[in-house]
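The values are calculated or read from the model by the stated rules, or taken from the named source; none is laboratory data. Since this is a predicted model, take the numbers as computed values, not measurements. In this analysis, Cβ positions are derived from the backbone assuming ideal geometry, glycine residues included, and neighbour counts consider all displayed protein chains. Only protein heavy atoms, including side chains, enter the accessible area calculation; ligands, DNA and RNA are left aside. Shrake-Rupley method; radii C 1.70, N 1.55, O 1.52, S 1.80 Å.
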Amino acid sequence: MLEKILHFSLMQRFLVIIATVLMVGMGVFSWNSLTLDAVPDITNNQVTINTNTGGLSPVEVEKLVTFPIESALAGTPGLSDVRSVSQFGLSQITVVFEDQTDVYFARQLINERLQTVRELLPKGVAAPTMGPVSTGLGDIYFYSLESKSRSMIDLRTIQDWQIGPQLRTVKGVAEVAAADGSEKQYQVVVEPRALQARGLTVANVVTALQRNNQNTGGGILERNGERILIRGVGTLEGSSDIEKVVLKTEAGIPILLREVAKVQEGTPVLTGISSRDGHPALIVTVLMLKGQNGKTVSQAVDARVKEIRSQLPLDVTLTTVYNRSDLVGESVHTVEKSLLEGGILVIAVLLLLLGNFRGALIVALAIPLSMLFAIIGMNRFGISGNLMSLGAIDFGLIVDGAVVMIENAVRRLAEAREHKGSTLDRHEVRHTVWESCREVAKPTAFAVTIITVVYLPILALEGTEGKMFKPMAFTVVFALIGALILTMTLIPVLASMFMSGDTKEGRNPVMELLSRIYKPALG
């Protein structure tokens, strides 16, 4: 089988070169579309359920909200683990699914279970909602909003109504979350004595506000062939509207809300605040959808942020605090630098030990080509490029087979030239290369296969270990497979084309020194 491959490659050298060029094109395209990140994402499949419980204490939240929801989720297909946190005003449940479960299928199952539990929750508790489709490494962008003349409430309003909606339209963004809880509220502070004097209760105030804060449709009025839409506008638009809400009438005189309560702007009970460098600032986190390209999404978010800056008031400053693309860029730069230095070192060692400049360059060519082959495989199977996967490639393993092929070709060409006593023609060079490659084809393939098999146990890892080390093992295996294919096809072709008939084994001081040490040890 290997001899047939070698024979076909040497007889159809043009096709091999064309196939190599096509592979290079596919590799470059795959690199441009490869998912890049700093580190592999080891987060498990999880869905977060958040429930706003109002003023319930942690004990009541656990009994009345968290426990019923956890009970409803029991027995969900693919469920692996459930953990929860019950605190003042919030119930948060994290549902972990098995790795093979599709996250969107899991969310659909949870949504069906939540429909059945909503009726069991206490009155006044908000409906449970699922968190964004993101992971623990989904925080790809942080920015701060600061102003010397505006309050945190004003900054939060700008974020919620101007900046957030625009960033959510960026492809790959799952959620835009503000860290500060300074949401604007209209708060009604009742005066107990005034209520008692007029025979009112807090419940009367709440009912009056609910009834007076809605628009109502009135149908259609037809007149002389003309239709007029009728509606009653009663939505409250500010403090003055709230103060004018009628609570009841006494002897035809309306009792307004402002007579028994004070309306003011405020915030909910704060459970968290944000700052930057010790100064008040609104810190906002942009979350990425699970499985998206962190570098691409963060770059798109940064571009949109630059557009938004020109739309903000002059006294509001938007500052980028963290950009994942910078970290990914530095990580990729580190990998590229390490690979370049390693490649140069390998080429230097090859020149030193092979003693043939052309042969060393042909062997060194297997390094970038094997890398491109590995990138094609990574892109095809959805493996991200990061410090773990790309940084694990060993150039010594990649060029192992090519070194054996070229070294034997150099030796056989030198012997053939000495035997003939003159320079070999191109047909004799091709035949000599064919003979030399055929000699070492089986041991070379066997050696590369043994190295590849060593990584197979890593592919059997599961859980966190598998997510951490599988990308590395797959990348190395892809590179080794590419190196073996190149060793059996392109390397012999290049040897027959560029290693001429005047090739001779020159004097190599390094190998002579090693031989002088090796021979006595052998004796």
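Only one of (1) part of a strand (DSSP E or B); (2) in contact with a Ser or Thr (Cβ under 6 Å, 6 or more places away or on another chain); (3) loosely packed, with under 13 Cβ neighbours inside 10 Å fails for Leu287. Which number is that?
(3)
How many residues are within 18 Å of Ser30 (Cβ to Cβ) and in contact with a helix residue (DSSP H, G or I) (Cβ under 6 Å, 6 or more places away or on another chain) when one looks only at the range 473-496?
8
Mind counting the residues in the range 107-131 that are part of a loop (DSSP other than H, G, I, E, B) and surrounded by fewer than 17 Cβ atoms within 10 Å (Cβ to Cβ)?
Qualifying residue count for the region: 5.
If I filter the range 206-217 down to residues being closer than 24 Å to Ala261 by Cβ and in contact with a strand residue (DSSP E or B) (Cβ under 8 Å, 6 or more places away or on another chain), which single residue comes out as surrounded by the fewest Cβ atoms within 10 Å (Cβ to Cβ)? Don't jump to the end; show me each part of the working.
Going residue by residue through the range 206-217, those that are closer than 24 Å to Ala261 by Cβ are 206-215.
If we keep only those that are in contact with a strand residue (DSSP E or B) (Cβ under 8 Å, 6 or more places away or on another chain) as well, we get 208-209, 212, 215.
Details: Ala208: 18, Leu209: 16, Asn212: 17, Asn215: 9.
Checked the range 206-217; the qualifying residue surrounded by the fewest Cβ atoms within 10 Å (Cβ to Cβ) is Asn215.
Would you pick out the residues in the range 377-392 that are surrounded by fewer than 20 Cβ atoms within 10 Å (Cβ to Cβ) and at pLDDT 85 or above?
Gly377, Arg380, Phe381
Being open to solvent by less than 60 Å² (accessible area, probe 1.4 Å), within 29 Å of Pro368 (Cβ to Cβ) and either modelled with pLDDT of 85 or more or among the basic types (Lys, Arg) (or both) narrows it down to one residue among Thr487, Thr503; which is it?
Details: Thr503 fails: either modelled with pLDDT of 85 or more or among the basic types (Lys, Arg) (or both).
After ruling out the rest, the residue left standing is Thr487.
When you scan the range 1-16, how many residues do you find that are open to solvent by less than 90 Å² (accessible area, probe 1.4 Å), closer than 12 Å to Thr489 by Cβ and touching a residue at least 24 places away in the same chain (Cβ under 8 Å)?
7
Scan the range 86-102 for residues that are under 14 Å from Thr129 (Cα atoms) and at pLDDT below 90 and report the count.
The total comes to 1.
If Thr35 satisfies every condition in (1) of a type in the set (Val, Ile, Thr); (2) open to solvent by less than 40 Å² (accessible area, probe 1.4 Å); (3) closer than 26 Å to Asp99 by Cα but one, which is the exception?
So Thr35 meets the others, but not (2).
Can you find, within the range 330-355, the residue that is farthest from Ser496 (Cα to Cα) among those that are open to solvent by 30 Å² or more (accessible area, probe 1.4 Å) and not hydrophobic (A, V, I, L, M, F, W, C)?
Filtering the range 330-355 for residues that are open to solvent by 30 Å² or more (accessible area, probe 1.4 Å) and not hydrophobic (A, V, I, L, M, F, W, C), the one farthest from Ser496 (Cα to Cα) comes out as Glu330.
Out of all the residues in the range 448-484, which are touching a Gly at 6+ places or on another chain (Cβ under 7 Å) and either under 24 Å from Val96 (Cβ atoms) or of a type in the set (Gly, Ala, Ser) (or both)?
Ala483
Give the residues of the range 153-198 that are assigned to a loop (DSSP other than H, G, I, E, B), among the polar types (S, T, N, Q) and closer than 21 Å to Gln311 by Cα, sorted by residue number.
Once the filter is applied, which keeps residues that are assigned to a loop (DSSP other than H, G, I, E, B), among the polar types (S, T, N, Q) and closer than 21 Å to Gln311 by Cα, the range 153-198 yields only Thr169.
Looking only at the range 179-188, count how many residues are surrounded by fewer than 20 Cβ atoms within 10 Å (Cβ to Cβ) and either closer than 14 Å to Ile273 by Cα or among the basic types (Lys, Arg) (or both).
4
Conditions (1) surrounded by 10 or more Cβ atoms within 10 Å (Cβ to Cβ); (2) farther than 17 Å from Tyr186 by Cα; (3) charged (D, E, K, R), marked per residue:
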position	(1), (2), (3)
Asn204	yes, yes, no
Gly219	no, yes, no
Gly225	no, yes, no
Ile242	yes, no, no
Gln264	yes, no, no
Pro280	yes, yes, no
Ile283	yes, yes, no
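Assigned to a helix (DSSP H, G or I), open to solvent by 40 Å² or more (accessible area, probe 1.4 Å), among the hydrophobic types (A, V, I, L, M, F, W, C) and modelled with pLDDT of 80 or more: which single residue out of Val448, Val476, Val404 fits that description?
The match here is Val404.
Taking into account only those residues within the range 61-70 that are open to solvent by 40 Å² or more (accessible area, probe 1.4 Å) and touching a residue at least 24 places away in the same chain (Cβ under 8 Å), which is farthest from Val95 (Cα to Cα)?
Selected residue: Leu64.
Please indicate, with yes or no, whether at least one residue in the range 314-321 is open to solvent by less than 40 Å² (accessible area, probe 1.4 Å), assigned to a loop (DSSP other than H, G, I, E, B) and modelled with pLDDT of 90 or more.
Yes; the residues of the range 314-321 include at least one that is open to solvent by less than 40 Å² (accessible area, probe 1.4 Å), assigned to a loop (DSSP other than H, G, I, E, B) and modelled with pLDDT of 90 or more.
Conditions first: (1) outside any helix (DSSP H, G or I); (2) closer than 18 Å to Gly377 by Cα. Lys467 passes all but one, so which condition is the exception?
(1)
Just name the residue that is least open to solvent (accessible area, probe 1.4 Å) out of those in the range 38-52 that are touching a Ser or Thr at 6+ places or on another chain (Cβ under 6 Å) and not small (Gly, Ala, Ser).
This residue is Thr51.
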